[in-house]
Amino acid sequence: MGLFHSKPSYDPARDIPDLTGKVVVVTGSNAGIGYHTADQLARRGGKVYLACRTESKAREAIASIERASPSLKGEDRLVWLPLDLSSIRSTKAAAEEVITKEKRLDILANNAGRLTDRYELNADGVELSVAVNHIGPYVFTTTLLPLLKRTAEEPGPDVRIVNVSSSTYNRVGQQTKFGSLEDFNESQSKPGNENTYRSKFKRYGKTKIMNILTRELQRRLDEEGVPITVIALHPGGVAIDGAHEKSPWYFAATSAEVAAARDKYKGQFLVPYGQLHTLQTNEAQDPVLAQTLWKATEKVVDGAAGR
């Protein structure tokens, strides 16, 4: 199955349902698809937390949305949530803030991420792209899980966790063991070549396959009998004008079709425009690798907490 389709089957202006009374968290929502997602879900009645690192950018995004939709101003429907995914401590604190303020959480959209960049370790000793694109979302999601699970216990639940990945998952390079911190920090290069474009691109691809392999969370939720839907996706051409309207984000987060055919969509990978995609590498399909990644991530996070 290809990664792109000529016509969208889901129009957010038409198909996003009434979200009155629902609570949403969107990371990296000060710009791009994250911004448009926050905008659209707030317009449909949701209370949206814009989880962003920089307060000025978050406030500017909120003001921009309110200018476009004056009825949202003063309604406490758009809230800045300080979030720095490069820090385990900051990420956990952000999730705990939501838990203290809200009695429910219906949609968690893990959108924020680091693109191709230089090799460096964060304060927790984790390669920065892995920290921002995988460890941070893992900590954020697992800390919020009690609130998500409580919401899923209500009648007629439709709780969703949506993780942005990328079609570059299939260009990960030579290292996909994911069993230890050393594996996480592997530079995908020979010594001295850590910051070539090729190496940076492979490290980015490594984090994107990690995003897909977090479907291990879906397996665990299913095992517990918890009706939460976990979906990963390739967002499409985000730099193209109007591309946000065709992103599978809206479909994954709000589509009635996903709710009606949950077994079809849970744990799957979507591409524009909300189409199921058959994963193209053995690693991306490997349930054992997914479990290995999850357990190694637990150890890395526990180790950082103990320091």
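Restricting attention to region 27-49, and to residues there that are among the small types (G, A, S) and part of a helix (DSSP H, G or I), which single residue is surrounded by the fewest Cβ atoms within 10 Å (Cβ to Cβ)? Before you say what the answer is, go through the steps one by one.
Filtering region 27-49 for residues among the small types (G, A, S) gives 28-29, 31-32, 34, 38, 42, 45-46.
Checking the rest, the ones that are also part of a helix (DSSP H, G or I) come to 32, 34, 38, 42.
On the way: G32: 17, G34: 27, A38: 29, A42: 24.
Per the stated criteria, the residue is G32.
Just checking, does region 75-89 include any residue being part of a helix (DSSP H, G or I) and within 21 Å of the chain's Cα centre (by Cα)?
From region 75-89, those part of a helix (DSSP H, G or I) are 88-89; that's our starting set.
This time we only want the ones that are within 21 Å of the chain's Cα centre (by Cα), so: 88-89.
For region 75-89, residues part of a helix (DSSP H, G or I) and within 21 Å of the chain's Cα centre (by Cα): present.
In the set A239, A232, A243, A260, which member is more than 17 Å from the chain's Cα centre (by Cα) and modelled with pLDDT of 90 or more? Give the steps one after another, and end with the answer.
On the way: A239 fails: modelled with pLDDT of 90 or more; A232 fails: more than 17 Å from the chain's Cα centre (by Cα); A243 fails: modelled with pLDDT of 90 or more.
Only one candidate qualifies: A260.
Looking at region 252-307, which of its residues are β-branched (V, I, T), surrounded by 12 or more Cβ atoms within 10 Å (Cβ to Cβ) and closer than 30 Å to G125 by Cα? Don't jump to the end; show me each part of the working.
Of the residues in region 252-307, the ones β-branched (V, I, T) are 254, 258, 271, 278, 281, 288, 292, 297, 300-301.
Imposing the further condition that a residue be surrounded by 12 or more Cβ atoms within 10 Å (Cβ to Cβ) reduces the set to 254, 258, 271, 281, 292, 297, 300-301.
Of everything in region 252-307, those that are β-branched (V, I, T), surrounded by 12 or more Cβ atoms within 10 Å (Cβ to Cβ) and closer than 30 Å to G125 by Cα turn out to be T281, T292, T297, V300, V301.
Out of everything in region 95-134 that is assigned to a helix (DSSP H, G or I), touching an Asp or Glu at 6+ places or on another chain (Cβ under 8 Å) and of a type outside the set (S, T, Y), what residue ends up being farthest from T254 (Cα to Cα)?
The residue in question is L128.
Per-residue answers, yes or no, for (1) small (G, A, S); (2) buried (at least 18 other Cβ atoms within 10 Å of the Cβ); (3) outside any helix (DSSP H, G or I):
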{"residue": "V139", "(1), (2), (3)": "no, yes, no"}
{"residue": "T151", "(1), (2), (3)": "no, yes, no"}
{"residue": "E186", "(1), (2), (3)": "no, yes, yes"}
{"residue": "P191", "(1), (2), (3)": "no, no, yes"}
{"residue": "E194", "(1), (2), (3)": "no, no, yes"}
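Sort through G179, G205 and tell me the only one that's in contact (Cβ under 8 Å) with a residue 24 or more places away in the chain and part of a helix (DSSP H, G or I).
Values: G179 fails: part of a helix (DSSP H, G or I).
Just a single option satisfies the conditions, and that option is G205.
Taking V24 and the conditions (1) at pLDDT 95 or above; (2) loosely packed, with under 15 Cβ neighbours inside 10 Å, which numbered condition does it fall short on, given that it satisfies the others?
Condition (2) is where V24 drops out.
The values are calculated or read from the model by the stated rules, or taken from the named source; none is laboratory data. Bear in mind that the values here come from a model prediction, so they are computed numbers and not experimental data. Methodologically, a virtual Cβ is constructed for each residue, glycine included, from the backbone with ideal geometry; neighbour enumeration extends over all protein chains shown.
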